[in-house]
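So the structure is just underneath, and the comments pick up after that.
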Amino acid sequence: MTVQSARLGRLGGNVFREEIDAFYVSALSNIRYLTGFTGSAGHLLVEPGRTTLFVDGRYDEQAREQASGVEVRVSPTDPFDVLLNEVRNRRLFRVGVERNRLSLAAYERLRDVRKKIRQLEGAVEGLRAVKSAEEIDRLRKSALLNSEVFESVVGRLRPTWSETRLAGELEFEMRRRGAEGASFPSIVASGTHGARPHAAPRPIKLQRNSLVVVDHGAILDGYASDMTRMISLGRPSSDHLALVDAVREAQQSAIDSVRAGVACSTVDRAARKVLKEKGLDRYFVHSTGHGLGLEIHEAPRIANTVSTRLKAGMVITIEPGVYLEGIGGVRIEDVVVVGTDGCEPLTPTSRELRIL
């Protein structure tokens, strides 16, 4: 039995309890997880004892090579039209869909064919939340590459570089070292610009003697990494240094709380408690972390409103931050694997402020 056939079996064991005849998978990341197909367009129809991948002519050879054990239907026209025809011809009257992934247009087209549509949320994502040993190994290698990229680029950084130059150097170095690309647009934010958690890099020189937020990730063998580190060109003020220390302490507190059985909200509160003691909690404006794997944001979400309990094998980020308008921002982020008695950090780079 292949990895993919085992995953399809687990999926079927869950979704066919919902009294449906077939389950339509529309998210490409979920199709990849279930079949191994990595193309940028395709549709998957899962039935009891039968799974069909619908693609157009661009992916004929690729689909047959990657999606072994799955029936492949190649169409010169829109493969979704072929899928809809098959739903009619196979007399599949009750069809399940990915509620959180399907476009309204696709839903309406499917509804024109079959009125009985069951909206299921997170059916595949729930399987993906706990990683296999092979997936963890891929994530470890992705994190290592991402850290090596940081060390290489920061090691040759010059005061003349702009935020966009630093971001571009990071993403070029990812490709040079074998990554498929960046897992998200790299964030480089210098000085007061760092007060924006998702600041877009600007064609402006890195500000001297102030904090610079550097947040980047690579995709290697399909799996994403994610890391945020703080650097400074010259020594920043004592107030800035205190902010870095506070966030690093909050992050360590959250990491120390991670283990199987602990609620996501508990991990989030561990970080916020430290920042509250220092009067900084109101400047922490996002959740403490998120799962990652084939996508940069996956289940579970590490937030104070999420009661989901961590399971061994989940891979999550821990990334508290503080953002002060007119002053700047600090975020420190690592990837960890949840274990039964704690967690294993996958990010090898030092969390200390890098003063250049």
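General remarks:
- Residues (in contact with a His (Cβ under 9 Å, 6 or more places away or on another chain) and of a type in the set (F, W, Y)) located in region 124-167: F150
- Residue selected from region 46-69 under the condition loosely packed, with under 15 Cβ neighbours inside 10 Å and basic (K, R), by the criterion farthest from E19 (Cα to Cα): R58
Every residue, every condition in (1) under 28 Å from E134 (Cα atoms); (2) within 19 Å of the chain's Cα centre (by Cα), yes or no:
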residue: L211; (1), (2): no, no
residue: G222; (1), (2): yes, yes
residue: A250; (1), (2): no, no
residue: D256; (1), (2): yes, no
residue: V262; (1), (2): yes, no
residue: V274; (1), (2): no, no
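- Flag for I302 being touching a Cys at 6+ places or on another chain (Cβ under 6 Å), closer than 28 Å to R32 by Cα and at pLDDT 95 or above: yes
- Test: F37 is in contact (Cβ under 8 Å) with a residue 40 or more places away in the chain and within 25 Å of E298 (Cα to Cα): no
- Restricting attention to region 65-82, the residues that are part of a helix (DSSP H, G or I) and farther than 18 Å from R32 by Cα total 2.
- Checked against the criterion of being touching a Lys or Arg at 6+ places or on another chain (Cβ under 6 Å), more than 21 Å from G289 (Cβ to Cβ), buried (at least 19 other Cβ atoms within 10 Å of the Cβ) and among the aliphatic types (A, V, I, L, M), region 218-234 has at least one qualifying residue.
- Some residue of region 44-64 being modelled with pLDDT of 95 or more, within 20 Å of R111 (Cα to Cα), touching a Gly at 6+ places or on another chain (Cβ under 8 Å) and in a helix (DSSP H, G or I): no
- Filtered by the rule that a residue be crowded, with 17+ Cβ neighbours inside 10 Å, part of a loop (DSSP other than H, G, I, E, B) and either touching a residue at least 24 places away in the same chain (Cβ under 8 Å) or not assigned by TED's automatic domain parsing to the domain that holds T266 (or both), region 280-289 gives L280, F284, T288.
- Filtered by the rule that a residue be aliphatic (A, V, I, L, M) and out of contact with any Lys or Arg (no Cβ under 7 Å at 6 or more places or on another chain), region 98-125 gives L102, L104, A105, A106, L110, A123, V124.
- So T308, is it among the polar types (S, T, N, Q) and within 19 Å of A123 (Cα to Cα): yes
- The conditions of being under 21 Å from E19 (Cβ atoms) and either surrounded by 14 or more Cβ atoms within 10 Å (Cβ to Cβ) or touching a helix residue (DSSP H, G or I) at 6+ places or on another chain (Cβ under 9 Å) (or both) are not met by V74.
- Out of R248, R229, sole residue that is part of a strand (DSSP E or B), within 23 Å of M314 (Cα to Cα), in the same structural domain as G279 (by TED's automatic domain parsing) and modelled with pLDDT of 95 or more: R229
- Looking only at region 314-356, and only at residues there that are surrounded by 17 or more Cβ atoms within 10 Å (Cβ to Cβ) and under 19 Å from G126 (Cα atoms), the one that is farthest from the chain's Cα centre (by Cα): V338
- Any hit, region 225-235, residues being more than 22 Å from L356 (Cβ to Cβ) and either without any contact (Cβ under 8 Å) to a residue 24 or more places away in the chain or of a type outside the set (D, E) (or both): yes
The values are calculated or read from the model by the stated rules, or taken from the named source; none is laboratory data. This is a predicted model, so every value here is computed, not measured. In this analysis, Cβ positions are derived from the backbone assuming ideal geometry, glycine residues included, and neighbour counts consider all displayed protein chains.
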